[in-house]
Amino acid sequence: MSSRLIALLRGDDDSGNAIIEFVYLAILMMVPLVYVLLTVFRVQGAAYAVSSAAREAGRVYATSESPDDAYERAFAAASIVMADSGLELSRSQLSIDCEGCLEPGSTVPVVIEYDVGLPLLPRFLDGEAPASVQVTSHHLEVVDRFQAGPGQP
């Protein structure tokens, strides 16, 4: 009998196992890699949205006629920008600390803090593990020096 036939009868033949081992290892390596990529893409998309929303909120606030409606206009502008990226903004996430900042030459500081949820995370881990990544954007908008001050024609 040939040595190949003896190996087959004993079960010592390893032919075909390399493909199975490669597929098994590829799946073990690819699943975590895909999860990491999904997480990075989601956080990066939210970072772009938060940055743009802070910039637009500052611009709208700085061009407002009165301080009374400035925050509402800024919140509406930031909400529209966030909605374009499929995200929702709440009033507690938008902070504009402004005392008399609509005077010509003054600055309007805008801060938006947004929590990005991790993808494919089960609901029962919400309170147990860190289930989100916080993305923050700071923007400082300068009020035009040649603009009329509040209440001036």
Query raised in the report: Considering 69, 115, which residue is within 13 Å of the chain's Cα centre (by Cα) and either exposed (fewer than 15 other Cβ atoms within 10 Å of the Cβ) or of a type in the set (Lys, Arg) (or both)?
Result: 115
Report summary line: The correct count of residues that are modelled with pLDDT of 90 or more and small (Gly, Ala, Ser) in segment 113-142 is 1
Query raised in the report: Among the listed residues 57, 74, 78, which satisfies the condition of being of a type outside the set (Ser, Thr, Tyr), part of a helix (DSSP H, G or I) and in contact (Cβ under 8 Å) with a residue 40 or more places away in the chain?
Result: 57
Query raised in the report: Restricted to segment 1-41, and to residues that are among the polar types (S, T, N, Q) and exposed (fewer than 10 other Cβ atoms within 10 Å of the Cβ), which residue is modelled with the lowest pLDDT?
Result: 15
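Going by the conditions given, is residue 91 charged (D, E, K, R), at pLDDT 90 or above and within 19 Å of the chain's Cα centre (by Cα)?
Answer is yes for this residue.
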Report summary line: Taking segment 45-58 and keeping only residues that are out of contact with any strand residue (DSSP E or B) (no Cβ under 6 Å at 6 or more places or on another chain) and not acidic (Asp, Glu), one is left with 45, 48, 49, 52
Query raised in the report: Within the bounds of segment 94-101, is there any residue that is of a type outside the set (S, T, N, Q), free of Cβ contacts under 8 Å to residues at least 60 places away in the same chain and assigned to a strand (DSSP E or B)?
Result: yes
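The values are calculated or read from the model by the stated rules, or taken from the named source; none is laboratory data. Everything quoted here is computed from the prediction, not taken from an experiment. Neighbour counts run over all protein chains shown; Cβ positions are idealised from the backbone, glycine included.
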